[in-house]
Amino acid sequence: MEPFKLTASIVLYHTEIAPIKAIVQAFIQLPIPKHLYLIDHSSQDNLKELSRIDDAVSYHFMNENRGYGAGHNVAINWAIQNKSMYHLVLNPDIEFEASTLIQIIHKMDESPEIGLLMPKVIYPTGETQYLCKLLPSPFDLLGRRFLPGFLKKLFKKHLLQYECRHLDYHQTMDIPNLSGCFMFMRTEALQKVGAFDSRFFMYLEDTDLCRRINAFYRTVYFPELEIIHHYHKGSYKFNKLFFYHIQSAVKYFNKWGWFFDAYRTKKNKELKVQRD
């Protein structure tokens, strides 16, 4: 069997079938060797019919919620075993055209120094989502959630800078912290640095992986192409998800440093200099 040019994975958890069908239909149009892994953490296998759409799609019912990163790691390991050149981590609420993936592949083929690429991400309304970020400090993560309104106004410039709003979202940029909603990665990079850290059940697993890839490859925001993301900010709405967010923040800073993180200081300084 010819090695896959592209593999992709979606972790499902009691997900509506319609948006996943749309992703599947776009993916199977790709005129390249490819495979899409659907990793279902739901309590029932109601979505198994998705695997009958095309041979390039496989459905894997896990019968337990292992967490976002751990779920994708199952597929990443298969991608590596099958010698896939690229692997795409997708949220289930993403919309894209098959032609967009082909153009990303062309960009990655001609730029072997890029380990991870994220296109421009927009809301269904066409508005830009500001998903390029600095490497977080404790204040960036906790201050945005807990500062009262009058203090948020005081630190507004700092908080906006964390989302790289001082940079030009119309320009290609090297960013050390890109969103996990759409991570187009060179499988070679995943072999080098490892997959997601499964200790993060949900949230910040993307930041952790992105910074590890960034240590050896470029991690690039590429606004010449765009995708749609139906972004819901679940941790702002549900107490359980909020708990996962806080738990992951503690694990992240225990791993990389709360107040002394030389790599964070270096990378963030580079991006802040670009503002001038």
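The values are calculated or read from the model by the stated rules, or taken from the named source; none is laboratory data. Note that the coordinates shown come from a computational prediction; the quantities given were computed from them, not determined experimentally. Here the Cβ positions follow ideal geometry from the backbone for every residue, glycine too, while neighbour counts run over all protein chains shown.
Miscellaneous remarks
- Annotation note: Cβ proximity below 8 Å between a residue of region 43-55 that is under 13 Å from V24 (Cβ atoms) and a residue that is at pLDDT 90 or above and of a type in the set (S, T, N, Q) (sequence gap 6+ or interchain) occurs for L47/T15; S51/S58; I53/Q25.
- Of the listed requirements (1) within 25 Å of R199 (Cα to Cα); (2) at pLDDT 95 or above; (3) hydrophobic (A, V, I, L, M, F, W, C), M62 misses just one: (2).
- In summary, P112 fulfils each of the numbered conditions (1) touching a Leu at 6+ places or on another chain (Cβ under 9 Å); (2) of a type outside the set (K, R); (3) assigned to a loop (DSSP other than H, G, I, E, B) with the single exception of condition (1).
- Matching residues, region 180-191, being within 16 Å of N82 (Cα to Cα) and either in contact with a Phe, Trp or Tyr (Cβ under 6 Å, 6 or more places away or on another chain) or of a type outside the set (A, V, I, L, M, F, W, C) (or both): R186, T187, E188, A189, Q191
- Selection status of E110, under 25 Å from A215 (Cα atoms), surrounded by fewer than 18 Cβ atoms within 10 Å (Cβ to Cβ) and at pLDDT 95 or above: yes
- Residue that is surrounded by the fewest Cβ atoms within 10 Å (Cβ to Cβ) [pool: residues in region 190-222 that are outside any loop (DSSP other than H, G, I, E, B) and of a type in the set (D, E, K, R)]: K192
- Tally, over region 29-62, of residues that are of a type in the set (A, V, I, L, M) and farther than 18 Å from N73 by Cα: 6
- Any chance S9 is in a strand (DSSP E or B) and of a type in the set (S, T, Y): yes
- Strands (runs of 3 or more DSSP E) (entirely within region 30-104) containing at least 1 residues that are surrounded by fewer than 16 Cβ atoms within 10 Å (Cβ to Cβ) and touching a strand residue (DSSP E or B) at 6+ places or on another chain (Cβ under 7 Å): 57-61
- Flag for T7 being closer than 23 Å to K83 by Cβ, surrounded by 13 or more Cβ atoms within 10 Å (Cβ to Cβ) and under 20 Å from the mean Cα position of the chain (by Cα): yes
- Exactly one residue out of L135, L160, L141, L116 is farther than 21 Å from L38 by Cβ, modelled with pLDDT under 95 and in contact with a helix residue (DSSP H, G or I) (Cβ under 9 Å, 6 or more places away or on another chain), and it is L141.
- Positions within region 167-189 being out of contact with any helix residue (DSSP H, G or I) (no Cβ under 6 Å at 6 or more places or on another chain), buried (at least 22 other Cβ atoms within 10 Å of the Cβ) and more than 22 Å from F27 (Cα to Cα), in sequence order: I175
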